[in-house]
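All remarks here apply to the structure that follows.
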Amino acid sequence: MASASASLLKSSSPVLDKSEWVKGQAIRQSTVSVRSLPSGPSSLTIRAGSYADELVKTAKTVASPGRGILAMDESNATCGKRLASIGLENTEANRQAYRTLLVTAPGLGQYISGAILFEETLYQSTTDGKKMVDVLVEQNIVPGIKVDKGLVPLAGSNDESWCQGLDGLASRTAAYYQQGARFAKWRTVVSIPNGPSALAVREAAWGLARYAAIAQDNGLVPIVEPEILLDGDHGIDRTFEVAQKVWAEVFFYLAENNVMFEGILLKPSMVTPGAECKEKATPQQVAEYTLKLLHRRIPPAVPGIMFLSGGQSEVEATLNLNAMNQGPNPWHVSFSYARALQNTCLKTWGGRPENVKAAQDTLLTRAKANSLAQLGKYTGEGESEEAKKGMFVKGYVY
Ligand code: 13P
């Protein structure tokens, strides 16, 4: 499969041109139909979808040097919690005002290559009446979309959960593409204190693989996100052990579902001790464990590793990313943070129109710091006390 896919991809130019993803124009390239190798009981069926070239370009665009992803796809319930923390009601108008502030931050595209949106935002306009998607494209930021339908209890497990959303996913992803989305996100979680059970890990991996195949079939680069939650008092070695198991299964099922590795992005948790572990790890230790995990489990065909922040403080998430970029890596090692990009920004805004500029400046400060960390050039100087505060919440939902 690998060599067949590779030869299909050779002719593609490396980076997605802005005009190619403006306003959801359908640009199906190099249609490659289902092909079979010589017949026989053991012959393989090789598939490469009609979007193969475009998927590779989109993934490379998002994984471009010095840039990463702004995750702003909080569900309405989670967004409500964020707004409540600054004393605002969870209304559509308040969500719109906050997200307008984020997408219109001047020059954001210098540091941010992609923005993950919740469905409401994909179809929403800014407070000035421009489509949010159009504003992002003008900023040279690729719009993405959260497509999972959230976590529910996994019957038969040790109080673990599974991620819903496969029903109707093909038609939803096709519609999101038309609306301008070019990549997708599916977040499932694995809990270390609750096991994790073999059942929960398999279910998480299988769901991610089915989602990834469906997203690619409809032109969206899938972000594959099995979040290993920070919850627990275990040490870093235990996280490493669980992460190895999880990523082995994820890649097993991705391959089984004929997902094209050149057209995906990963969103792993960094390998850290549990949040309640007494022994803390330095950025160098986190980088060493995390890179060891990636080298063991992630094929170099994958273009980008876009970490989640998972409750780390803004500064911690940036320092850890910077430590991972002190030498060359086979993949683009970058960020896809929500809390670690937005926290100070949200507090600075506080729901007041007169604070919009100051809030945008803090977003740009964080985005620039992480851009530097992607390039391995972040020094950590001049950071505020607010940016050093951890944001871990037990049993965090998204
Ligand atoms: P955090 O960076 O806040 O963990 O969120 C990233 C995300 O998108 C979770 O799915």
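So that you can scan it fast, the table gives a plain yes or no per residue for (1) under 20 Å from residue 223 (Cβ atoms); (2) more than 18 Å from the chain's Cα centre (by Cα):
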site	(1), (2)
138	no, yes
148	yes, no
155	no, yes
163	yes, no
172	yes, yes
182	yes, no
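Which one is surrounded by the fewest Cβ atoms within 10 Å (Cβ to Cβ), of the residues in region 253-309 that are over 24 Å from residue 60 (Cα atoms) and among the β-branched types (Val, Ile, Thr)? Don't jump to the end; show me each part of the working.
Here is the first cut: in region 253-309, the ones over 24 Å from residue 60 (Cα atoms) are 271-286, 288-289.
Next, only the ones that are among the β-branched types (Val, Ile, Thr) stay: 271-272, 282, 286.
Working: 271: 26, 272: 24, 282: 11, 286: 24.
The selected residue is 282.
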Seminar exercise, completed: Of the residues in region 338-373 that are among the small types (Gly, Ala, Ser) and part of a helix (DSSP H, G or I), the one that is farthest from residue 101 (Cα to Cα) is 373
For this session: Residues that are surrounded by fewer than 24 Cβ atoms within 10 Å (Cβ to Cβ) and of a type in the set (S, T, N, Q): find the helices (runs of 4 or more DSSP H) completely inside region 95-190 holding 1 or more of those.
Result: 169-178
Problem set entry | Single unsatisfied condition, residue 49 versus (1) part of a loop (DSSP other than H, G, I, E, B); (2) of a type outside the set (A, V, I, L, M); (3) more than 30 Å from residue 255 (Cα to Cα) | (3)
Exercise. Looking at region 259-299, which of the residues that are assigned to a loop (DSSP other than H, G, I, E, B) and out of contact with any helix residue (DSSP H, G or I) (no Cβ under 9 Å at 6 or more places or on another chain) is farthest from the ligand (Cβ to nearest atom)?
Worked result: 278
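Being within 15 Å of the ligand (Cβ to nearest atom), surrounded by fewer than 24 Cβ atoms within 10 Å (Cβ to Cβ) and over 17 Å from residue 62 (Cβ atoms) is the filter here, so list the residues in region 320-339 that pass it.
Residue satisfying the conditions is 339 alone.
Laboratory data are not the source of any read-out in this text; all were calculated from the coordinates shown. These numbers were taken from a predicted model, which means no experiment stands behind them. When we count neighbours, we look across all protein chains shown, and the Cβ atoms used for this are built from the backbone with ideal geometry, even at glycine.
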